[in-house]
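Here the structure is laid out as structure tokens; the discussion comes afterwards.
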Amino acid sequence: MTRAAFVALAALVAAVGSSGPLESSDAVLGRFVGVWRTEAQIRHAGPPVSERRTLGRASGRVTLDGRFVEFRTSSIDPPGLNELQLMAYDAEAGVYRQWVSDSDGYRHEAVGRWNHATSTLTWRGQAGGATVVIEDRWVSGDRLEWTLTRTSAEGRLLQTIEGVVSRSAAHTPRP
């Protein structure tokens with residue numbers, strides 16, 4: 001682990017250190033635990049305009065003394081796109097926290113709020129001067145449909161992503 005990564009992880013733990021361990025019955029972050037198939041349609045508004053589809057796999061697990069959920073994705077088509085998400089509940093602030101980094105160098109931090117009526121966890125954050133909004137909508141315990149919208153400070157649409165995360169049938173613990 002690089003020094004910068006270590007410092008970032010230490011800051012992350014300190015930021016939500018007052019949160020207690022996730023309970024096995026956690027109704028929100030516990031949903032991410034397991035083994036998954038992923039697919040996404042990524043659209044960049046440009047310039048240049050581009051669109052690509054990805055297929056892959058993911059795994060989610062409770063980590064760091066039960067205080068975080070680590071969610072890792074890896075693309076199969078195209079190969080080599082990887083992402084790491086760390087998520088936690090900040091009990092003091094009453095919000096969820098998310099830190100995302102990927103193999104292309106993208107990263108963001110976001111604050112999430114759970115809407116029980118719609119089974120949607122909405123994340124809002126900043127990345128490179130742009131606003132990022134992610135909606136994770138659980139249509140069932142085994143299927144997450146999500147969208148990401150990235151918008152410039154001037155309000156111009158930069159990127160949209162529509163994705164599906166489906167639980168793999170074999171070897172997947174349920175919270």
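Within 10 Å of each candidate Cβ there may be at most 16 other Cβ atoms; applying that plus a DSSP loop requirement, which GluC sites (Glu not before Pro) in the stretch 91-175 survive?
Details: sites: Glu92, Glu109, Glu135, Glu145, Glu154, Glu162; in loops: Glu92, Glu154.
Answer in residue order: Glu92, Glu154.
Rounded, prolate or oblate: pick one for the stretch 32-125, where a ≥ b ≥ c are the square roots of the eigenvalues of its C-alpha gyration tensor, a/c under 1.5 means rounded, and failing that, prolate if a/b is larger than b/c, else oblate. Display every interim value, and only then the final one.
Numbers: a/c = 1.92, a/b = 1.48, b/c = 1.30.
Here the stretch 32-125 falls in the prolate category.
Farthest toward the positive end of the dipole of the stretch 100-175, out of Ala117, Gly129, Leu158, is the Cα of Ala117, where the dipole comes from beta carbon charges about the Cα centre. The HN-Hα couplings worked out from phi for the stretch 61-74 by the Karplus form 6.51 cos²θ - 1.76 cosθ + 1.60 (θ = phi - 60°) are 8, 7, 9, 6, 6, x, 8, 9, 10, 9, 10, 10, 10, 9 Hz, whole numbers, x standing for Gly and Pro.
Loop-located chymotrypsin sites (Phe, Trp or Tyr not before Pro) in the stretch 69-175 (DSSP state not H, G, I, E or B) with no more than 16 neighbouring Cβ atoms inside 10 Å: Tyr106.
On full extension, the segment bounded by Arg53 and Trp114 gains 19.2 nm, given 0.36 nm per residue less the C-alpha separation. Between the stretch 34-82 and the stretch 139-165, the C-alpha centres lie 12 angstrom from each other.
Read the figures in this text as sums done on the coordinates, not as results from a lab. Note that this is a predicted model, so its numbers are computed, not measured. Every residue, glycine as well, gets a Cβ built from its backbone with ideal geometry; the counts of neighbours run over all protein chains shown.
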